[in-house]
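Read the figures in this text as sums done on the coordinates, not as results from a lab. What you see is a predicted model; the values in this text were computed from it and never measured. Note that each Cβ is placed from the backbone with ideal geometry, even for glycine, and that neighbours are counted across all protein chains shown.
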Amino acid sequence: MINTDQIKLTAFIEQFKLNLLNAEVDIQNALIRHAEIEKPGLVLSGFYEHFLGDRIQVLGLSESAYIKMLERDKRKKMLNMFFDYDIPCVILGDDVELLPDVVEAATKNKVPILSYEGATAELLAEAMRWLQVELAPRTFMHGVLVDVYGEGLLIIGESGIGKSETALELVKRGHRLIADDLVEIRRASRLTLFGKAPEKLRHLIELRGIGIVNIKELYGAGSIKLTQGITLVVNLVNWDRKAEYERIGLEDEYINILGNDVVYHTIPISPGRNTAIICEAAAINYRQRQLGFNAARALCESFSPFEKCSQ
């Protein structure tokens, strides 16, 4: 697992089209390490006991009004104390007047002041969501990620088992490719995993005997997707007559990825089996279970008490 514990402030500014109000501050090496965004509130009055000074701070109308009402000497002392913390940046709220003393203290302590042309509330909601994803723990898995009927299907298996060929068939059937060969997975929350392709491998599939093909160029923009939540994992294995495989599926099996449990199926592969159709069926069956219908359980419940539901 890799902890993405910092991102560049310049990437944050570019993502949300923010304006830098004190251009004297060098932001090229500035970093954001936390997804939370704070309003200082009581901190400005001198209560620093629980101040999270390494988070992005927002100065709204109430904070601005309080700063403005202070006597100049007290205001400058308070602002210097506030900006002395390792604050990655300060965002001004809607209709907040930028006071010269704020600019002076922020610039002195090399803290960027940013503004947004739209509604600040919308910015903060989107920014926290984006930061949570960008700063989330991540890992890489060899496999293929495809959007099948809206479900993020991660296909894994040993090299040469047919993962890429299965993905290609799914694309031809109208589904969308997210990543082939190497999937970057991020844990956005304890319930949510997102997958995407490393930038250099985006839209590409390796087909043995042919080489690298670009799915977007071959099948159009509707055949690809940049990112997708992972809800189902399918492990392709070579058929083994001596092995036992799930035949009823009363209960789901799971695989743990970054601390999250994801529904997991082992699919044996043999000549004549259409893996793409099986993957489609797995995705639809998963959705049915999410909606409360379990075909295996319904079958077993249809038996009389004297009959046995077994493999």
- Message: Once R0 is set to 41 Å, what does the formula 1/(1 + (r/R0)^6) return for the Cβ-Cβ distance between residue 159 and residue 24, expressed as a FRET efficiency to the nearest 0.05?
- Response: 0.15
- Query: Which option, (1) 1.03; (2) 1.14; (3) 0.99, is the value of Rg/Rh (Cα atoms, Kirkwood Rh) that was calculated from these coordinates?
  - Reply: (2)
- Query: Using the beta-carbon distance between residue 142 and residue 121 and R0 = 25 Å, what value does 1/(1 + (r/R0)^6) give for FRET efficiency, to the nearest 0.05?
  - Reply: 0.05
- Considering the chain as a Gaussian network with a 10 Å cut-off on Cα pairs, which listed residue, 234, 103, 146, attains the greatest mean-square fluctuation? 103
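Beyond 21 Å between alpha-carbons counts as too far, so tell me which of 172/225; 8/225; 172/200; 39/196 fall in that bin.
Details: 172/225 14 Å; 8/225 25 Å; 172/200 23 Å; 39/196 33 Å.
Flagged as over cut-off: 8/225; 172/200; 39/196.
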- Query: Given the options 248, 185, 67, which has the most mean-square fluctuation in a GNM of the chain, springs set between C-alpha atoms less than 10 angstrom apart?
  - Reply: 248
- Label-point gap, in nm, between residue 190 and residue 290 - each point 7 angstrom along Cα→Cβ: 2.0
- Message: I'd like to know which of 46, 30, 60 lies farthest towards the positive end of the charge dipole of the range 1-68, counting +1 on Cβ of Lys and Arg and -1 on Cβ of Asp and Glu.
- Response: 60
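Between residue 110 and residue 227, what's the calculated FRET efficiency when r is the beta-carbon distance and R0 is 25 Å? Round to 0.05.
0.15
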- Task: Please find, in a Gaussian network model of the chain (springs between Cα atoms separated by less than 10 Å), the residue of 41, 229, 152 whose mean-square fluctuation is greatest.
- Result: 41
- Task: Could I have the simple spin-label model distance between residue 61 and residue 199, label points 7 Å from Cα toward Cβ, reported in nm to one decimal?
- Result: 4.0
- Item | Residue-wise HN-Hα coupling along the range 138-146, computed from phi with Karplus coefficients 6.51, -1.76, 1.60 (Hz; x: Gly, Pro) | 9, 8, 10, 10, 7, x, 10, 10, 10
- For the range 64-194, what size does the Cα cloud have along each of its three principal axes, sorted from largest down, in whole Å? 73, 26, 23
- Estimated inter-spin distance, residue 217 and residue 16, nm [label 7 Å along Cα→Cβ]: 3.7
